[in-house]
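The next block holds one structure in the form of structure tokens; read it before the comments.
The values are calculated or read from the model by the stated rules, or taken from the named source; none is laboratory data. Everything numeric in this text was worked out from a predicted model, so none of it was measured. Counting neighbours? That spans all protein chains shown, and the Cβs are built from the backbone with ideal geometry, glycine included. Side chains are part of the model used for accessible areas, which takes the heavy atoms of the whole protein and leaves out ligands, DNA and RNA. Shrake-Rupley method; radii C 1.70, N 1.55, O 1.52, S 1.80 Å.
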Amino acid sequence: MARATEKDIVSVIGEKSQFVLLTHYNPDGDALGSMLALGHVLTEMGKGVFCFHEEPVPAIYRFLPGAGKVNSEISALRNFTAGAGKELCFIALDCGDAARLGKFSAELLSYHPFVVIDHHQNNEGFGDLDWISSHHSSTGEMVFDLAETLPVALSKKAAECLFVAISTDTGSFQYACTGRSTFLAAAKLVACGVDIAEISNKLYNNYTLGRVRLFQEVLSTLEMYEKDRIAVIRVTQKMLERTFTTLEDIEHFINYPRSIFTVQAAVFLKEVEPGVISVSLRAKGCCDVSAVAAQFGGGGHKNASGLRLSGISMDALRDRLLPLLAAKFESQLA
């Protein structure tokens with residue numbers, strides 16, 4: 001593997017004509033928005049594009065242009081690659097490590113060249129070419145910069161996907177990762193025809209009754225620790241069953257405990273399957289939750305990270321996380 005620059009990615013795109021685009025499992029707006037946007041750009045350039053994800057696109061993001069073309073059939077992917085021959089190139093977007101490619105990761109990584117485009121600060125690289133830029137707010141912003149250097153005008157469809165990618169990963173332009181370049185990119189996307197009100201309505205005002213009832217249950221689990229500086233919420237499989245919902249419906253729940261003015265770190269414990277707990281960590285200011293996640297094999301950003309463990313209860317995992325987060329507060333004062 002080799003560290004790459006934006007120019008290296010442009011060069012590969014110019015050399016190849018058939019592309020498989022990937023992102024991480026449990027995809028968020030940045031993951032799907034970046035993948036679909038790059039797909040639109042490459043298609044406009046006359047390239048062949050196959051967007052693969054092992055699971056169907058979550059309902060909340062199915063309004064994204066091109067979402068219906070994301071394919072979850074590994075056999076279809078194999079057929080595409082067989083016909084592409086030497087013109088084939090794989091590109092993984094917003095994926096912090098190889099394991100996050102999912103259950104087919106070993107097979108996906110067997111194709112070359114394999115390109116990684118990502119903005120996670122703890123990404124050590126796992127492709128033949130790794131363009132990793134932690135100073136970008138999102139992978140969507142990286143794809144925007146890339147698109148500006150390619151010989152094709154950015155379409156409204158691509159712009160909508162990129163706006164969703166950037167706006168969701170910056171917390172609607174609230175997080176510290178938001179910079180001058182982020183707003184400049186957003187302004188140019190609006191100039192391409194993005195209707196901010198329409199996009200926001202589809203992202204934040206399109207919930208099912210089951211999701212609202214699930215949120216009611218999740219919020220009732222709220223626990224406060226360390227003089228109300230740490231907030232913990234949880235979701236279990238039984239709660240999903242009672243409300244006829246899925247894990248897709250918990251998107252953005254973590255933002256509510258994080259919004260409490262005394263809270264510096266929020267923890268969301270999620271029973272993704274029996275015996276497997278996924279954790280989302282969100283923080284404010286100087287609290288680096290990525291360092292905490294890294295101690296459990298996870299990672300992400302300073303103020304937004306995650307991890308996954310098996311064979312441990314929610315209470316036990318919470319009790320392991322609390323002193324580590326508390327230590328981060330103490331280190332801020334040192």
Subset of the stretch 182-202 (residues that are under 23 Å from Ala283 (Cα atoms) and in contact with an Asp or Glu (Cβ under 9 Å, 6 or more places away or on another chain)):
Thr182
Specify which of the listed residues (Arg242, Arg234, Arg282) is on the phi < 0 side of the Ramachandran plot, open to solvent by 30 Å² or more (accessible area, probe 1.4 Å) and either in a helix (DSSP H, G or I) or of a type in the set (Ser, Thr, Tyr) (or both).
Arg242
May I ask you to list the residues in the stretch 153-184 that are in contact with a Ser or Thr (Cβ under 7 Å, 6 or more places away or on another chain) and of a type in the set (A, V, I, L, M)?
Ala165, Ile166
Looking only at the stretch 154-167, decide whether some residue is open to solvent by 10 Å² or more (accessible area, probe 1.4 Å) and either touching a strand residue (DSSP E or B) at 6+ places or on another chain (Cβ under 8 Å) or farther than 20 Å from Cys51 by Cβ (or both).
no
Which one is nearest to Lys86 (Cα to Cα), of the residues in the stretch 119-138 that are in contact with a Ser or Thr (Cβ under 6 Å, 6 or more places away or on another chain) and surrounded by 21 or more Cβ atoms within 10 Å (Cβ to Cβ)?
His119
Among the residues of the stretch 245-279, which ones are free of Cβ contacts under 8 Å to residues at least 12 places away in the same chain and part of a helix (DSSP H, G or I)?
none
Inspect all residues belonging to the stretch 61-80 and state whether any of them is in a loop (DSSP other than H, G, I, E, B), open to solvent by less than 50 Å² (accessible area, probe 1.4 Å) and in contact with a Gly (Cβ under 8 Å, 6 or more places away or on another chain).
yes
Is there a residue in the stretch 185-195 that is open to solvent by less than 60 Å² (accessible area, probe 1.4 Å) and among the charged types (D, E, K, R)?
no
For the stretch 29-47, how many residues meet the condition of being open to solvent by 40 Å² or more (accessible area, probe 1.4 Å) and under 13 Å from Val164 (Cβ atoms)?
0
Quick one: Asp315 ticks every box in (1) open to solvent by 40 Å² or more (accessible area, probe 1.4 Å); (2) modelled with pLDDT under 95; (3) out of contact with any strand residue (DSSP E or B) (no Cβ under 6 Å at 6 or more places or on another chain) bar one, so which box is it?
(2)
Spot the failing condition for Asn26; the list is (1) over 18 Å from the mean Cα position of the chain (by Cα); (2) closer than 25 Å to Ala106 by Cα; (3) outside any helix (DSSP H, G or I), and only one is missed.
(1)
Extreme residue, modelled with the highest pLDDT, among residues of the stretch 168-181 that are surrounded by 13 or more Cβ atoms within 10 Å (Cβ to Cβ) and over 23 Å from Ser280 (Cα atoms):
Ser181
The listed residue being under 30 Å from Leu209 (Cβ atoms), open to solvent by 10 Å² or more (accessible area, probe 1.4 Å), hydroxyl-bearing (Ser, Thr, Tyr) and in contact (Cβ under 8 Å) with a residue 60 or more places away in the chain, out of Tyr111, Tyr25:
Tyr25
Going through the stretch 262-277 in order, the residues found to be under 22 Å from Gln216 (Cβ atoms) and open to solvent by 20 Å² or more (accessible area, probe 1.4 Å) are Lys270, Glu271, Val272
If you go through the stretch 45-56 one residue at a time, do you hit one that is in contact with a helix residue (DSSP H, G or I) (Cβ under 9 Å, 6 or more places away or on another chain), farther than 23 Å from Ser280 by Cα and assigned to a loop (DSSP other than H, G, I, E, B)?
yes
Of all the residues that make up the stretch 86-108, how many are in a helix (DSSP H, G or I) and open to solvent by 50 Å² or more (accessible area, probe 1.4 Å)?
6
